[in-house]
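The values are calculated or read from the model by the stated rules, or taken from the named source; none is laboratory data. What you are looking at is a predicted structure, and each value in this text was computed from that prediction instead of being measured. Reconstructed Cβ throughout: ideal geometry from the backbone, glycine too, with neighbour counts over all protein chains shown.
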Amino acid sequence: MTNKVLFITGAGSGMGLLAAKRALDAGWHVAAVDVQQAGLDQLGSSSRLLKLTADVTDYAAVERAVQRAESELGPIDRLVNAAAIMPLGLLMEQPREMIQKIMAINYGGLVNVTKAALPDMLRRGRGEFVSFASMAGQWPVMYMGAYNAAKHAVVAFTEVLHHENRDSGVRIICVCPPTVATPLLKQAKDTVWPKLLDVFPPIKSEQVLDHIDRTLAGRGFWVFTGPFTAMSWRMRRWFPGFMWWGDHFIEKR
């Protein structure tokens, strides 16, 4: 058992749900946040579990959730932002409202959680901040423009946040996996599925969470999980034209 406290958004599905379950199994106290109560109910019940229904785009709701977590469970030791949506489509066909919603949840939610919870962690001079970005935040792909834009924003925000607070005592890391076998992929498949995403099969959530633990135990910032992920990050920077050629070639097959 441990007195450590995890505050995690997107805890009702996918990697957020699995991360919350693993923390509970390891004896952590967990403040699990999700917009859907039904998702949170999958976590069962425990004296160490606080289920909080909140929309991450609502700063006041996020702030109340943080206050309840620290009041009822104690100071937050690990802050994880895993809330995200992933509907895809051509930018000129995807509704403007959906493009803005993706940005509001995937990036705006991170901003709200950061502003609500990180100041106290910085004042205490300890803790871990885990930002879920994606390789989509490093490598733009056709049909993924809105999702790319939001995850690019997450990557940039987290990287600057890390450097602005690197001597604070709070470990800040940015998680950039490729496609992961979670319910989030169904949102993409229900809209449009880029052929490029079939080149490599989705990896398991457990691989990502294991890599996060190893990174937090060390000194790294980037979490590039899965085969060829780090190489793809370098290729995007060194040969952007080649990467776009590959995208066009695969989509025309």
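Filtered by the rule that a residue be surrounded by fewer than 16 Cβ atoms within 10 Å (Cβ to Cβ), among the small types (Gly, Ala, Ser) and assigned to a loop (DSSP other than H, G, I, E, B), region 120-173 gives Gly125, Gly169. Could you identify the single residue in Thr229, Thr215 that is among the hydroxyl-bearing types (Ser, Thr, Tyr) and at pLDDT below 90? After applying the criteria, what remains is Thr229.
Find the residue count for region 211-248, including only residues that are polar (S, T, N, Q) and more than 15 Å from Gly137 (Cα to Cα). Break it down stepwise before answering.
Here is the first cut: in region 211-248, the ones polar (S, T, N, Q) are 215, 225, 229, 232.
Within this subset, residues satisfying the condition of being more than 15 Å from Gly137 (Cα to Cα) are 215.
Number of matching residues: 1.
Every listed requirement among (1) surrounded by fewer than 24 Cβ atoms within 10 Å (Cβ to Cβ); (2) part of a loop (DSSP other than H, G, I, E, B) is met by Ala83 save one, (1). Go through the residues of region 37-49 one by one and say whether even a single one is in contact with a Gly (Cβ under 9 Å, 6 or more places away or on another chain), surrounded by fewer than 16 Cβ atoms within 10 Å (Cβ to Cβ) and of a type in the set (Asp, Glu). Yes, that holds for at least one residue. When region 4-63 is limited to residues that are within 15 Å of the chain's Cα centre (by Cα) and of a type in the set (Ser, Thr, Tyr), the one that is farthest from Met121 (Cα to Cα) turns out to be Ser13. Could you please let me know if Ser45 is in a helix (DSSP H, G or I) and free of Cβ contacts under 8 Å to residues at least 40 places away in the same chain? Spelling it out, it is not the case that Ser45 is in a helix (DSSP H, G or I) and free of Cβ contacts under 8 Å to residues at least 40 places away in the same chain.
Close contacts from region 153-168, counting a first residue that is of a type in the set (Ser, Thr, Tyr) and a second that is assigned to a helix (DSSP H, G or I) and surrounded by 12 or more Cβ atoms within 10 Å (Cβ to Cβ), with Cβ to Cβ under 6 Å and a gap of 6+ residues or different chains, come to Ser168/Leu122.
For region 115-152, give me the residue count where each residue is under 16 Å from Gly169 (Cβ atoms) and touching a residue at least 40 places away in the same chain (Cβ under 8 Å). Full working, then the answer.
Within region 115-152, the first condition is being under 16 Å from Gly169 (Cβ atoms), and the residues that meet it are 117-130.
Filter once more, keeping what is touching a residue at least 40 places away in the same chain (Cβ under 8 Å): 117-118, 120-122, 124-130.
Counting residues in region 115-152 that are under 16 Å from Gly169 (Cβ atoms) and touching a residue at least 40 places away in the same chain (Cβ under 8 Å) gives 12.
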